[in-house]
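Single-structure report; data block below.
The values are calculated or read from the model by the stated rules, or taken from the named source; none is laboratory data. Just so it is clear, the structure is predicted and the values come from calculations on it, not from any experiment. Backbone-built Cβ (ideal geometry, glycine too); neighbour counts: all protein chains shown. Keep in mind that these areas ignore ligands, DNA and RNA; they rest on the heavy atoms of the full protein, side chains included. Shrake-Rupley method; radii C 1.70, N 1.55, O 1.52, S 1.80 Å.
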Amino acid sequence: MLVPLYGFVEGDTIGLLVLAHDDMPISDVAKKLLTAASLRVQRKDPYDLFRDGQRLPPDASVAELGLGALARVDLRFRKAPP
Amino acid sequence: MLKRDAWLPLSRQLDWEFSYVTPDSAFPELAAGVPALGQSEWDTWEEPFKTSYTEYVEQQSRKEAALEAVRELLNQRKDRLERLDPRWVSALKLHFAILPLAEFAAAIGNLRAARFGRSSAWRCASLLGALDELRHAQIPLALGHDCLSRDGQFDWTHRFYHTTNWVAIAARRLMDEMLLCCDPIEFSIATHFVFETAFTNLQFIGLSAVAHEVGDALFERLLTSIQTDEARHAQIGHAVLELVRDHDPERMQALVDKWFWRSWLVFSVVTGFTMDYLTPLEHRKKSFKEFVGEWVVEQFSASLASFGLKKPWYWAEFERSLEYYHHMVYASAYSYRSTVWFDLVVPSPAERAWLREKYPASFPEFEPIWASISERWRGADPGLDFAVHGTAIVSFCNLCGLVLSHGTPSHNDAEVIEHQGRRRVFCSKVCRYLFEQEPERYARHHDVVMRVLRGEAPGNLLAFLCYSGLSFDDWGKDALRGEYDWIQRTEANAGVR
């Protein structure tokens, strides 16, 4: 089942709608979101996906995490260690 | 025969006592607004700028003649548009689409006040206001039509509000709610006091100065011709506020807070784009922020204080969005330019230096975005717009209908809430607050994302452009077709073209 999510990429200027499958792992959702923003935001590995400030485990699926339609997710790049 | 000074007080305020209907049935609250007040209080309503119908017609006729003379002269030059910078021509297309039917809706708002305003002097002033607004609808329609044979995108001058384009949906939400659906008291506070007093000076004085610099005499004349009308009928709002503020100060403050934010979003996009991106650098005297600082932050703040009103509760939020919002929307719009009816441009290194100087606190955060877009153009042949274009579906605020571009590149301010079993997204906490104050007013907004998810609008970009009323000839492109002399295309990247 398709689950539309509001996605926001750190460094971007606009919120995007990402269509994820409920069995899709979070790492793929993040990749899809980053690709959608790639015109404006340069990819900087590593990165994580967050919901309400909580980092989402990359191997867990959309359904396992209970991400419902039109939930907000944020992609943030990990800061390089000082 | 009465002299002017004896005639005017009689003609502008001619009230009588109703004998066969009650005042409440002549002015029901739903149509006339609250607070109702007693008739004796409305009898004291007085507009500072008084004019008779004869004087009005004479003045407007002179203004029309002056504008028409410039129009005729310039229309004799077949290369009028070609002599203007293509970025400025884009700004014209943006304005010509937004202005005319919004002004027509304002005529309807004024006509409602001309019937349901509780003072006869107010009704007379509103009737002249309605005639003003009809003129403001007709002028850009005529000038846009003059340009149509040279450039098909000018067709959007008339077409814009009749489409399902996302900008038109957002603009209709504002114009419907502010101009068509308000009672005369709310209309007057929203339109005359907030929209016209706080913001239209940005257009009619600030932007007309820019048009002068650019050498666009016709647009300059259009703006100044409209401005003199605005200055007169904006006074209606002051007179209404003067009378009703003491009876319901909380509601007046709430109306100012609501309409200031709604107006700000639209002006930020329309005027912000024009002043900071679509005006050629050599003609820019001030930034959008500097114009807003002068006309809104200083002058409107003083107006609020003079009426005993406070700045809106989100003023700090507004000041931050003055640094960021139109830059956020512009970069987004550039990357989805085919979804609009005018062309956009990548700011050059010199323009970015100017923006850094004008917006030292915020613009550095946009540098990586423009570097990324420029790099994409470096690897694409000029004219290949879709090689430098977004393809994902974007999201829109359930209240204002604009894209989710509030906040900063590091943190987008969008908020998602549950309302009656449905998730709704708002671009900012202010739009969310406004929704929560009057959910019944906005709950039926039919936003673009829901149209796509319900299958009412297509999800792929090309089909979505058709749904938005656009075709290849008129959808937005890079104004310079990607031919920037500061982008060095080398053999090394030729392979990825």
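Taking other residues whose beta carbon is less than 9 angstrom from the beta carbon of B:Gly144, and scoring Lys, Arg as +1 and Asp, Glu as -1, yields -1.
Per-peptide packing, taken as the mean over residues of other Cβ atoms within 10 Å, places B:143-155, B:410-422 in the sequence B:143-155, B:410-422 from highest down.
Relative to the Cα centre, the charge distribution of the protein assembly as shown, modelled as +1 at Lys and Arg Cβ and -1 at Asp and Glu Cβ, gives a dipole magnitude of about 920 debye. Across the options B:Leu304, B:Ser405, B:Gln138, the greatest Cα extent toward the positive end of the charge dipole of chain B (unit charges at beta carbon of Lys, Arg, Asp, Glu) belongs to B:Ser405. With Cα atoms defining each centre, segment B:311-371 and segment B:235-310 are spaced 20 Å apart in the structure. With distances taken between every two different alpha-carbon atoms, segment B:269-314 has a Kirkwood hydrodynamic radius of 12.0 Å.
B:Lys429: accessible area at probe 1.4 Å, nearest 10 Å²? Surface open to solvent at B:Lys429 totals about 100 Å². Overall shape: oblate for segment B:99-184, with the ratio a/c of the largest to smallest alpha carbon gyration tensor axis at 1.5 or above and b/c at least equal to a/b.
Reported value for the protein assembly as shown: 170 Å³ per residue, from the convex hull of its C-alpha atoms.
Note on segment A:1-40: Kirkwood radius taken over Cα pairs, Stokes-Einstein applied at 25 °C and 0.890 mPa s, translational D equal to 238 µm² s⁻¹. Look at the stretch B:404-416: the mean tally of other chain Cβ atoms within 10 Å of its residues' Cβ atoms is 5. Looking at segment B:36-93, the GluC sites (Glu not before Pro) that sit in a DSSP loop and have at most 11 other Cβ atoms within 10 Å of their own Cβ are B:Glu82. The fraction of all Cα pairs in chain A landing in successive 10 Å bins from 0 to the largest distance is 20, 57, 22, 2, 0, given as whole percents. Among B:245-256, A:27-38, sorting by the average number of other beta carbon atoms lying within 10 angstrom of each residue, highest first, gives A:27-38, B:245-256. Please go through the residue pairs B:Lys358/B:Lys429; A:Lys31/B:Lys311; A:Lys79/B:Lys429; B:Lys285/B:Lys477; B:Lys258/B:Lys358 and name each one whose alpha carbons sit more than 32 Å apart in this structure. Beyond 32 Å between Cα atoms: A:Lys31/B:Lys311. Karplus-derived 3J(HN,Hα) values for segment B:13-22, using 6.51 cos²θ - 1.76 cosθ + 1.60 with θ = phi - 60°, are 9, 10, 9, 8, 8, 6, 10, 10, 9, 8 Hz; glycine and proline are entered as x. I need the shape label for chain B. Rule: rounded when a/c is under 1.5, else prolate if a/b > b/c, else oblate, with a, b, c from the alpha carbon gyration tensor. Judged from the Cα gyration tensor, chain B comes out prolate (a/c at least 1.5, a/b above b/c). Based on DSSP H segments of at least four residues, each scored -39500 (n - 2.57), the protein assembly as shown has a per-residue ellipticity at 222 nm of -14500 deg cm²/dmol. Inter-chain neighbour count for B:383-392: the average number of beta-carbon atoms from partner chains within 10 Å of each residue's beta-carbon is 3.
Legend: mean number of C-beta atoms from other chains within 10 angstrom of residue C-beta atoms, peptide A:69-80, equals 2.
For chain B, complete DSSP H runs whose alpha carbons reach 20 Å or more along their own long axis and whose mean Kyte-Doolittle score is 0.5 or higher are B:86-116.
Remark: segment B:184-324 is approximated by an ellipsoid whose semi-axes, taken from the C-alpha gyration tensor as √(5λ), come to 28, 17, 10 Å, largest first. For chain B, a simple Cβ point-charge model (Lys and Arg +1, Asp and Glu -1, everything else neutral) yields a dipole of about 760 debye relative to the Cα centre. Think of chain B as having a plus end and a minus end, set by charges on the Cβ of Lys, Arg, Asp and Glu; of B:Ile369, B:Trp261, B:Val329, B:Ile369 sits farthest toward the positive end of this dipole.
On segment B:98-250, 57 percent of the accessible area sits on carbon and sulfur atoms, based on a 1.4 Å probe. A protection proxy built from the mean count of other Cβ atoms within 10 Å ranks the segments B:319-326, B:345-352, most packed first, as B:319-326, B:345-352. Is the C-alpha gyration tensor of segment B:1-60 telling us rounded, prolate or oblate? Criteria: a/c under 1.5 is rounded; beyond that, a/b larger than b/c is prolate, otherwise oblate. Taking the square roots of the gyration eigenvalues as a ≥ b ≥ c, segment B:1-60 is prolate.
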